[in-house]
Every structure is written in structure tokens, then in C-alpha cells.
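The values are calculated or read from the model by the stated rules, or taken from the named source; none is laboratory data. Quick caveat, the model's predicted, so the values are computed rather than measured. Positions of Cβ are generated from backbone atoms using ideal geometry, with glycine treated the same way; all protein chains shown enter the neighbour counts. Keep in mind that these areas ignore ligands, DNA and RNA; they rest on the heavy atoms of the full protein, side chains included. Shrake-Rupley method; radii C 1.70, N 1.55, O 1.52, S 1.80 Å.
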Amino acid sequence: MAETRSVVLNVNGAGRAISVEPRKTLADAIREDLGLTGTHLGCEHGVCGACTVLLDDEVVRSCLLFAVQAEGAEITTIEGIGSGDTLHPMQQAFSQYHGLQCGFCTPGMILAGIDVLSRNPDPSPQEIREEMGGNICRCTGYQKIVESVQAAAVEMSNDGGSA
């Protein structure tokens, strides 16, 4: 049996103790050990953005990090935004403005959009495209994703920037 290491991952505001092999990716730990399946695995090379999470409020590709590297950091997954039955403004905008189709890329897109607005609360469509260029969607033409981020920017600026 492979060697394991105990780690505490701070995910969505709660510390969770798990035992992982040192080579286990953060994405796999989130999905398999914590049961948070909103973090998707696409390319497993850090190219597609499906595994995007926020690590200490910065976008990271969870398929490129080992779970042991994330110990002590604050990890936010798609399950950690919004509250109860209330969607986060970015989730609401993606729903209202049809920024999703199959939904596979959506969790990563939403977290990337939140990251964009945390750094630039009023981005132009071109800035959104550039900032989110690392997240790939195979279903849309990206226009509805850009419109969704723009709508969320307006909503978030109206409610004080709730990220």
C-alpha cells in the first residue's frame, strides 16, 4: 500500500481532515475524498480550466496542485459560493443570460468570472475574453459567457461587490 499523509484542507470555510497519497492532486482530493464533484476534470494538464478553484482567493488549476500543497490555504469550490438556496450573482447571471450549455465548464467559468471581477469590477467585453481565455468551453461561442460576467459585474457593484 502506498504511503499516505494526513492533511487538513480548508474548503468552503470548513477544515476537513483527509489522508492522501502525496501524489494525489487537489482536484482528485476535492472530488474523491471530500465528495465535492462540482470541480470537474477535463484535460488534467491545466489547459482547459474545468478544475478551476480559488486558492486564497486566486484562480488555480486544481489538477496541477497536489492536495498536500494546499494545506493551510483557503480553498473555494463552486459549492462554496452562494448561500443556501440563494445563488451567487455570478451563478444567477450565468443562468439568466444563458452562459452555459452542457454545464461541464460552468463551475470553472463561474469561479474565473468571480476572480476577474475581484480584480476589475467593470471589465470591458475584451478584458473578460482575455482574462478568461484559459477556460475552454466546447459548446458556446463565449458571447453568452461574456454577457453573463458583464451582468454579474453590474449586480455585484449594486450589492457592494459580494464575491
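Taking the criterion of being part of a loop (DSSP other than H, G, I, E, B), over 14 Å from the mean Cα position of the chain (by Cα) and surrounded by 20 or more Cβ atoms within 10 Å (Cβ to Cβ), the residues of the stretch 83-136 that qualify are Gly99, Leu100, Pro123. Gly141 - would you say it is in contact with a helix residue (DSSP H, G or I) (Cβ under 9 Å, 6 or more places away or on another chain) and either open to solvent by less than 70 Å² (accessible area, probe 1.4 Å) or farther than 16 Å from Ile110 by Cβ (or both)? When the stated conditions are applied, Gly141 does not pass them. Determine whether Val68 is of a type outside the set (D, E, K, R), crowded, with 21+ Cβ neighbours inside 10 Å and at pLDDT 95 or above. So Val68 fails the test. Taking each residue of the stretch 134-161 that is on the phi > 0 side of the Ramachandran plot and looking for partners that are surrounded by fewer than 17 Cβ atoms within 10 Å (Cβ to Cβ) and not small (Gly, Ala, Ser) with beta-carbon atoms closer than 9 Å, six or more apart or interchain, yields Tyr142/Arg129; Gly161/Pro121. Screening Ala27 against (1) open to solvent by less than 30 Å² (accessible area, probe 1.4 Å); (2) more than 14 Å from Cys105 (Cβ to Cβ); (3) touching a helix residue (DSSP H, G or I) at 6+ places or on another chain (Cβ under 7 Å) leaves a single unmet condition, (3). Checking each residue in the stretch 9-35 for being in a strand (DSSP E or B), in contact (Cβ under 8 Å) with a residue 12 or more places away in the chain and under 23 Å from Ser83 (Cα atoms) picks out Leu9, Asn10, Val11, Arg16.
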